[in-house]
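Working notes, beginning with the structure itself.
Just so it is clear, none of the values below were taken in a lab; they were calculated from the coordinates. Please read these numbers as outputs of a predicted model, since none were measured by experiment. Neighbour counts are summed over all protein chains in view; Cβ atoms, including those assigned to glycine, are modelled from backbone coordinates with ideal geometry.
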Amino acid sequence: MQEIELDKNYYFDLVGQIHFDCIPEEDLYMLFRDGRHCAPLIEKWLTKMFPLIHVTGNKDHDHIDNENNQYDVKNFTKNGLKFMPSNQIGAGRSFDKEKSHEKAKKLIYIICDIVEFPKLTVRFIAGEKLIEKYPKCAVNIRDRNVLFEYPIEFKN
């Protein structure tokens with residue numbers, strides 16, 4: 001188990017570790033590049049990799065640590081990242097800057113880069129720092145290298 005350090009990239013290579021009966025690995029990898037499919041399993045997996053306790057149910061955060069810090073998992077996909085509350089994402093919903101910022105200030109975000117799943121990067125970022133840099137609570141795919149501070153030669 002790894003200790004949590006803010007603003008540090010943790011790299012994981014799950015090649016050859018994802019299986020579901022007769023479904024080809026590549027099909028599973030494609031599914032897991034979509035946050036809707038990946039999120040529930042990533043939330044459980046994170047508790048095996050880091051000292052986190054999973055919060056079950058639809059709370060306003062996904063994990064806590066031994067000091068009761070609250071964490072929320074968000075996946076960075078080919079469409080970028082949205083870290084506003086879930087009830088502000090999707091058709092017919094609108095972004096409420098004040099409420100989003102209020103919530104973000106209470107959280108540490110666990111940002112999981114799943115763009116190249118089964119290779120993934122996990123980064124813990126204080127919500128306050130994220131909203132300073134991205135006040136609309138969204139990060140465009142073009143800013144992926146900036147958010148994760150990837151080396152210049154890192155490719156999508």
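Projecting the Cα atoms of Trp45, Val146, Ile110 onto the dipole axis of the chain, where Lys and Arg carry +1 and Asp and Glu carry -1 at the beta carbon, places Val146 farthest toward the positive end.
For Asn79, the shell of other residues with beta-carbons less than 13 Å away shows a net charge of +4, using +1 for Lys and Arg and -1 for Asp and Glu. The simple spin-label model puts a point 7 Å past each Cα toward its Cβ; for His37 and Lys119 those points are separated by 2.0 nm. Distance between Cα centroids, the stretch 6-48 to the stretch 95-156: provide it in whole Å. Centre-to-centre (Cα) distance: 18 Å. The GNM of the chain, with springs linking C-alpha atoms under 10 angstrom apart, assigns the highest mean-square fluctuation among Ile53, Ile114, Ile23 to Ile23. Helix 35-49 and the longest principal axis of the Cα set of the chain meet at an angle near 90°. Comparing Leu14, Leu81, Leu107 in a Gaussian network model of the chain, where Cα atoms under 10 Å apart are tied by springs, the biggest mean-square fluctuation is seen for Leu14. Note on the chain: with a GNM built from Cα contacts shorter than 10 Å, the maximum mean-square fluctuation among Tyr71, Tyr29, Tyr11 falls on Tyr11. Provide the percentage of antiparallel DSSP beta bridges, counting only those with both residues in the chain; round to the nearest 5. So the antiparallel bridges amount to about 70 percent of the total.
Between Lys99 and Asn140, the distance separating the two model label sites (each 7 Å from Cα on the Cα→Cβ line) works out to 2.7 nm. If R0 is 35 Å, the Cβ-Cβ spacing of Glu132 and Lys48 corresponds to a FRET efficiency of close to 0.65. Of all stretches in the chain that contain no trypsin sites (Lys or Arg not before Pro) in a DSSP loop with at most 16 other Cβ atoms within 10 Å, the longest one is 9-58. Rg and Dmax over the alpha-carbon atoms of the stretch 100-141 stand at 11.3, 33 Å.
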